[in-house]
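Structure first, commentary second.
The values are calculated or read from the model by the stated rules, or taken from the named source; none is laboratory data. On a predicted model such as this, the values are computed, not experimentally measured, just so you know. Neighbour counts run over all protein chains shown; Cβ positions are idealised from the backbone, glycine included.
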Amino acid sequence: MNSRSPNDTRYTALAFVAGIATGGAVFAVLSLIGLDQRLAAGPALVLALAVGSSVKYADQWERAVILRLGRFHGLRGPGFYFVIPIVDRVGYNIDQRIRTSAFNAESCLTRDTVPVNVDAIAFWLVGDVTKAALEVQDFEQSVIVAAQTALRDAIGKHDLAELIQTRHEMGEGLQKALDVKMHQWGVTVQSVDIRDVISPQALEDAMSREAQAERERRSRIILGTAETEIASKFVEAAEKYREHPMAMNLRAMNMLYESIAKRGSLMVVPSGLADSLNAPAFMGMASMAGLRPADIAKAIAPPNSEPTA
């Protein structure tokens, strides 16, 4: 708990010095007026303790709640301040820095009846020290309990898919709801972040299979669309070749040349195709590809002739 105990016992060197100085001065005065030293030591010690306990301090980020005879008297700090011993009491030293509180909701049902575990974290601070000290007994625990209740309520209003996809929006809704509720406690909620949403393992496997099936469906649709476009282009090319037979011959020659030049393999073609491709031109392309005369003869030989070794 960041708010300190009502029995604050933090003393400084200044408090000790002030107490010792006061006690020494009282002891000296009583001794000078002729009082026995043993009798003078008692009042001097009491005053030393009273003065020493009246000096208090609060850190830069703290505010001290002062109660006078059980009633709220005011706030003190930061720095040194003084209280009246016995009459005044430091109720709390409340930290006003931004704090973080982690909370969760376990086995909470979503709107589509899926049990999930949700982890979240809230960033908040004490804006009104007086309300935080007087209106609620334990404001830190109250923040956590209220945040858990609001989180469970929000989970029940969302489907699992919405819960996973809209974490940021859900956190903003929780922040607004908690800030309105805790304003009367002097607490300001700055933000709420949903850290993790854990669903059952069986459901995660089913969702994974569903996602894989969806990706497979999309890939098949894309492949089918590509095949349709390719077929359409082939039909368009066939129309061009039908109107221009010479273009078809040139295309065949180009394909044959690419096969021989790039792969360096031997290709045997029918004599009719060789005649249509213009044999001299074909032999010229073959020689450019680095084939020997024997290989060229095999390439242009009729299909019923036997190749030589």
Strands (runs of 3 or more DSSP E) contained entirely in segment 41-155, each with at least 2 residues that are β-branched (Val, Ile, Thr) and in contact (Cβ under 8 Å) with a residue 12 or more places away in the chain | 62-68, 88-95, 115-126
Per the list (1) touching a Leu at 6+ places or on another chain (Cβ under 9 Å); (2) exposed (fewer than 14 other Cβ atoms within 10 Å of the Cβ); (3) not aliphatic (A, V, I, L, M), residue check on GLY74 breaks on (1)
Those residues of segment 156-171 which are loosely packed, with under 14 Cβ neighbours inside 10 Å and assigned to a helix (DSSP H, G or I) amount to ALA161, GLN165, HIS168, GLU169
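Here is a yes/no grid of residues against (1) modelled with pLDDT under 85; (2) in the same structural domain as SER142 (by TED's automatic domain parsing); (3) among the β-branched types (Val, Ile, Thr):
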site	(1), (2), (3)
LEU39	yes, no, no
LEU47	yes, no, no
SER53	yes, no, no
TYR57	yes, no, no
LEU75	no, no, no
PRO78	no, no, no
VAL83	no, no, yes
ASP112	yes, yes, no
Taking segment 1-33, which residues are in contact with a Phe, Trp or Tyr (Cβ under 8 Å, 6 or more places away or on another chain) and at pLDDT 65 or above?
-> THR12, LEU14
Exactly one of GLN212, GLN175 is in a helix (DSSP H, G or I), within 27 Å of the chain's Cα centre (by Cα), crowded, with 17+ Cβ neighbours inside 10 Å and not hydrophobic (A, V, I, L, M, F, W, C), and that one is GLN175
Look at GLN148 and say whether it is modelled with pLDDT of 90 or more, assigned by TED's automatic domain parsing to the domain that holds GLY186 and not β-branched (Val, Ile, Thr).
-> yes
Counting only residues that are modelled with pLDDT of 85 or more and either among the basic types (Lys, Arg) or not in a strand (DSSP E or B) (or both), how many does segment 178-209 have?
-> 10
Kindly list, by first and then second residue, each pair from a residue in segment 182-199 that is more than 21 Å from LYS131 (Cβ to Cβ) to a residue that is surrounded by 14 or more Cβ atoms within 10 Å (Cβ to Cβ) and charged (D, E, K, R), limited to pairs with Cβ atoms under 6 Å and residues at least 6 apart or on different chains.
-> ILE194/ARG167; ARG195/ASP119; ASP196/ASP119
Checked ASP159, ASP88 against criteria (touching a Lys or Arg at 6+ places or on another chain (Cβ under 7 Å), farther than 23 Å from VAL189 by Cβ and not assigned by TED's automatic domain parsing to the domain that holds VAL55); the one match is ASP159
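Just checking, how many residues over segment 34-46 are aliphatic (A, V, I, L, M) and out of contact with any Phe, Trp or Tyr (no Cβ under 9 Å at 6 or more places or on another chain)?
3
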Quick check: anything in segment 119-127 farther than 30 Å from LEU49 by Cβ and of a type in the set (Phe, Trp, Tyr)?
-> yes
